[in-house]
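Quick one: structure below, then a few questions.
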Amino acid sequence: MVQSSVLGFPRMGANRELKKANEAYWADKLSRDELLKEGKRLRLEHWKLQKDAGVDVIPSNDFAFYDHILDHIQLFNAIPERYTKHNLNKLDEYFAMGRGHQRDGVDVPSLEMVKWFDSNYHYVKPTFQNGQTFKLASEPKPVVEFLEAKEAGIVTRPVLIGPVSFLALGKADRGQSVDPISLLDKLIPVYVELLEKLKAAGAETVQIDEPVLVLDLADKIKQAFKPAYEKLVGANLPKIVLATYFGDIVHNFDVFPAIQNLHGLHIDLVRHPEQLEAVIGKLGPNQVLSAGVVDGRNIWKTNFKRAIEIVETAIQKLGKDRVIVATSSSLLHTPHSLESEKKLPEEVKDWFSFATQKTAEVVVIAKAVTDGPASVREALEANAKSIQARASSERTNNKAVKERQAKVTAADHERKSPFPERYAQQKTHLSLPLFPTTTIGSFPQTKDIRIQRNKFTKGEITAEEYEKFIEKEIEEVVKIQEELDLDVFVHGEPERNDMVQYFGERLDGYVFTTHGWVQSYGSRCVRPPIIVGDISRPAPMTVKESQYAASISKKPMKGMLTGPITCLRWSFPRDDVHQSVQAQQLALAIRDEVLDLEAAGVYVIQVDEPALREGLPLRAGTEREKYLSWAVDSFKLSVAGVQDSTQIHSHFCYSEFQDFFHAIAALDADVLSIENSKSDAKLLKVFEDKAYPRHIGPGVYDIHSPRVPSEEEIKERIAEMLVYLRPEQLWVNPDCGLKTRQWKETKAALTNMVNAAKFYRQKY
Ligand code: GLN
Ligand code: ZN
């Protein structure tokens, strides 16, 4: 019989109960016991939900109050002393590592948090000391939760992060030099102890995640698999299913001798179905294959026909008892349930499947291949109908969009003249001084702005009233920028809630959920817009506000748009056409907006692309270069239509370009503004080394705190930048995100910034 399996379930609950409980606990509005109870309730609810759906292999220890890697940090007692020395209770110590702790005389910042592979989830980075030791927690969470489920009559498969990934995803603590992977020998006995306890508690099988296997691995990491997994096999230990996801593992086949003895192997067949045959060829003689055919990263209904074909291929080679039907990864990256969505167009809702629905999908597929298609005929027919309806829907077949895409030429991606000629025109057209000053787009979003926006959304004020309010806000920020004597103004973005949703709501091809929350980090959830069809722009999106702002400003006004890659990456993309096609559609829509802005008298236009880097495929090589090529093309297509005298800016929230500098250079943006105040100015060296010809505005001060930087400090910062950048190419601006600040410190800081720029203007 072919079993069905889920690799992990979202933790938040149907109504983000976990977020609410956590935040109430942090605000002293919920007791520790109440929080623990709520966690327990949610776990049970999610186990039951999967059990009722008929899932054979249900995960435990996939729950976490904050983050599952943080759970393991505490489980193995890999806790830096700065967190243990205050004798906080275990829960507070845990949250202290996740989000910092500042009360009762204790003041300790959080551990570093980083993106989980190429998802929008963030994990807490394990942080090791020289001489690091490990010790199993006295009541190990995986054992506690396994027993908890067992008591409720549900036998689960505990999920652990694997020892190699746990170390490889970590780093040495500040001031420490330890190489994490060198700690393997010390860590393995703790895993053995934990596995023994799980076995004693009744766990027959565990899922051990080694997602680093999809990355390009250094030899010493690859070599760690053998000593690690040799010791994790034994009569007193549960069987191990080793899970990989988000990529293929073919390039790491030399690790196989180390894992061929394990009970089973899970691979992601949504992202990389082509790895199936090669992996089957590598399996040990009795090894089980867990086939990840239900997408854990997106919201689309699984195409049953295709999934069943893949699973059947595996069964032909391995037999039914050696194949498991599974989600491609944990369902952590999908919203809880489609049932909560009351406002989606019915047509579109029928195409979706959230975590709860995906849980049912693995069951149907497993049944279809076990008992034959007739046993689930209705489900298969309904699925085929949905897939067919989506494929033939007008939303996914917009003729006008397709025709336009077919006509795109190479020339459409190029500006009319090379940069030196453009710049000569821009300089006079915009009367820009040396060291021009500007900001990145938003200005403080006061309470009043949020109140008015809310009233407008709820229909409590009319569109005209809201528009008037926005105009007044724009007038104010223009006046302030005049007083500050900035050189290129912005309208302040008072009308925008979010940089992708704002555009998505104005484009055809997008839909929005009301409950489609996905955990981003800790208690923070995001609700990504969904690209359901071909994208087009029915009407201008930002022209009214920018045009008004330009009309009342004596200085150039910078129009502000979100770029195609960021719109794509911060949404759930379609899975029926390549992402490059969606990016090009977005680019064409933005191109129209850019040209409308120019026609409306906006001659500086910034297209933000903060998500460009996070879209980078996990492995270097062809796949990454292909991505960069279409990503760069889509940016260029979105802006290249303008006159030479119109200045194109782009913005990135970081300065680490070393890995893909050629792509940043290929954007051909006249000005790049980048977040830099918290980074080493040395990161700018690459611009010097590569003789980058165009202009750059590295953030000269950190806007993330209310602290006002002095003029001297900013001058010093500029001096550091001038080591690597030529005076003619340097813009002076803060980092991005002023919308989160108050006006008081914003004005004070920008006054100092403008004075610092003027100082250098005198000097050169
Ligand atoms: N223009 C946006 C702002 O200043 C940019 C936000 C971002 O970089 N993430 O708010
Ligand atoms: Zn930014």
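Where a number appears in this text, it was derived from the coordinates with a stated rule and is not lab data. All figures in this text were calculated on a predicted structure; none of them were measured in a lab. Virtual Cβ from ideal backbone geometry, glycine too; neighbours counted across all protein chains shown.
Does Ile703 meet the test of being within 16 Å of ligand 1 (Cβ to nearest atom), closer than 19 Å to Phe419 by Cα and either among the hydrophobic types (A, V, I, L, M, F, W, C) or in contact with a strand residue (DSSP E or B) (Cβ under 7 Å, 6 or more places away or on another chain) (or both)? Spell out how you get there, then give the answer.
Working: within 16 Å of ligand 1 (Cβ to nearest atom): yes; closer than 19 Å to Phe419 by Cα: no; either among the hydrophobic types (A, V, I, L, M, F, W, C) or in contact with a strand residue (DSSP E or B) (Cβ under 7 Å, 6 or more places away or on another chain) (or both): yes.
No; evaluated as a whole, the condition is false for this residue.
Here is a follow-up. With of a type in the set (Lys, Arg), within 16 Å of ligand 2 (Cβ to nearest atom) and either surrounded by 15 or more Cβ atoms within 10 Å (Cβ to Cβ) or not in a helix (DSSP H, G or I) (or both) as the only criterion, which of Lys715, Lys758, Lys739 stands out?
Only one candidate passes the filter, namely Lys739.
If you go through segment 410-427 one residue at a time, do you hit one that is assigned to a loop (DSSP other than H, G, I, E, B) and either free of Cβ contacts under 8 Å to residues at least 40 places away in the same chain or closer than 15 Å to Thr746 by Cβ (or both)? Reasoning before the result, please.
Residues of segment 410-427 assigned to a loop (DSSP other than H, G, I, E, B): 414-418.
Filter once more, keeping what is either free of Cβ contacts under 8 Å to residues at least 40 places away in the same chain or closer than 15 Å to Thr746 by Cβ (or both): 418.
For segment 410-427, residues assigned to a loop (DSSP other than H, G, I, E, B) and either free of Cβ contacts under 8 Å to residues at least 40 places away in the same chain or closer than 15 Å to Thr746 by Cβ (or both): present.
I'm told Ser673 meets every condition in (1) touching a Phe, Trp or Tyr at 6+ places or on another chain (Cβ under 8 Å); (2) surrounded by fewer than 22 Cβ atoms within 10 Å (Cβ to Cβ); (3) not aliphatic (A, V, I, L, M); (4) not in a loop (DSSP other than H, G, I, E, B) except one. Can you identify the failing condition by its number?
(2)
Look through Phe9, Phe63 and report the one residue that is of a type in the set (A, V, I, L, M, F, W, C), outside any helix (DSSP H, G or I), touching a Gly at 6+ places or on another chain (Cβ under 9 Å) and in contact (Cβ under 8 Å) with a residue 40 or more places away in the chain.
Residue meeting the stated conditions: Phe63.
Given the conditions (1) more than 15 Å from ligand 1 (Cβ to nearest atom); (2) assigned to a helix (DSSP H, G or I), which single one is not true for Phe435?
For Phe435, the exception is condition (2).
While we're here: Do the conditions hold for Ile240, that is, is it part of a helix (DSSP H, G or I) and either under 26 Å from Ser60 (Cα atoms) or among the hydrophobic types (A, V, I, L, M, F, W, C) (or both)?
Taking the combined requirement at face value, the residue does not satisfy it.
Within segment 661-673, take every residue that is without any contact (Cβ under 8 Å) to a residue 60 or more places away in the chain and either of a type in the set (S, T, N, Q) or in contact with a helix residue (DSSP H, G or I) (Cβ under 6 Å, 6 or more places away or on another chain) (or both) and give me the one that is nearest to ligand 1 (Cβ to nearest atom).
The selected residue is Leu667.
How many of the residues in segment 593-612 are crowded, with 20+ Cβ neighbours inside 10 Å and among the charged types (D, E, K, R)?
Summing the residues that are crowded, with 20+ Cβ neighbours inside 10 Å and among the charged types (D, E, K, R) in segment 593-612 gives 3.
Which one of these does Phe246 not meet: (1) part of a loop (DSSP other than H, G, I, E, B); (2) on the phi < 0 side of the Ramachandran plot?
That leaves (2) as the condition not met.
Restricting segment 431-469 to residues that are within 26 Å of Tyr654 (Cα to Cα) and among the hydrophobic types (A, V, I, L, M, F, W, C), which is nearest to ligand 2 (Cβ to nearest atom)?
Going through the qualifying residues, I end up with Ile440.
Could we say that Glu593 is acidic (Asp, Glu), touching a Phe, Trp or Tyr at 6+ places or on another chain (Cβ under 9 Å), more than 16 Å from ligand 2 (Cβ to nearest atom) and closer than 23 Å to Glu545 by Cβ here?
For Glu593, the condition - acidic (Asp, Glu), touching a Phe, Trp or Tyr at 6+ places or on another chain (Cβ under 9 Å), more than 16 Å from ligand 2 (Cβ to nearest atom) and closer than 23 Å to Glu545 by Cβ - is met.
Scan segment 460-504 residue by residue and report those that are in a strand (DSSP E or B) and out of contact with any Asp or Glu (no Cβ under 9 Å at 6 or more places or on another chain).
Once the filter is applied, which keeps residues that are in a strand (DSSP E or B) and out of contact with any Asp or Glu (no Cβ under 9 Å at 6 or more places or on another chain), segment 460-504 yields only Val490.
Sticking with this structure for a sec: Within segment 283-380, considering only helices (runs of 4 or more DSSP H) that don't extend past its boundaries, which have at least 3 residues that are over 29 Å from the mean Cα position of the chain (by Cα)?
So the answer is 304-318, 355-371.
Ok, one more. Pick from Asp107, Asp92: which is loosely packed, with under 15 Cβ neighbours inside 10 Å, more than 21 Å from the chain's Cα centre (by Cα) and not small (Gly, Ala, Ser)?
Exactly one of Asp107, Asp92 is loosely packed, with under 15 Cβ neighbours inside 10 Å, more than 21 Å from the chain's Cα centre (by Cα) and not small (Gly, Ala, Ser), namely Asp107.
Here is a follow-up. When segment 642-660 is examined, which residues are found to be away from ligand 1 (no atom under 16 Å from the Cβ) and among the acidic types (Asp, Glu)?
Once the filter is applied, which keeps residues that are away from ligand 1 (no atom under 16 Å from the Cβ) and among the acidic types (Asp, Glu), segment 642-660 yields Asp644, Asp659.
Which of the residues that make up segment 533-592 are surrounded by 19 or more Cβ atoms within 10 Å (Cβ to Cβ), of a type in the set (Val, Ile, Thr) and either free of Cβ contacts under 8 Å to residues at least 12 places away in the same chain or not in a helix (DSSP H, G or I) (or both)?
Hits for segment 533-592 are Ile535, Thr542, Thr562.
Can you tell me which of (1) part of a helix (DSSP H, G or I); (2) closer than 19 Å to His413 by Cβ; (3) away from ligand 2 (no atom under 16 Å from the Cβ); (4) of a type in the set (A, V, I, L, M, F, W, C) is the one Phe635 doesn't meet?
The single condition Phe635 does not satisfy is (3).
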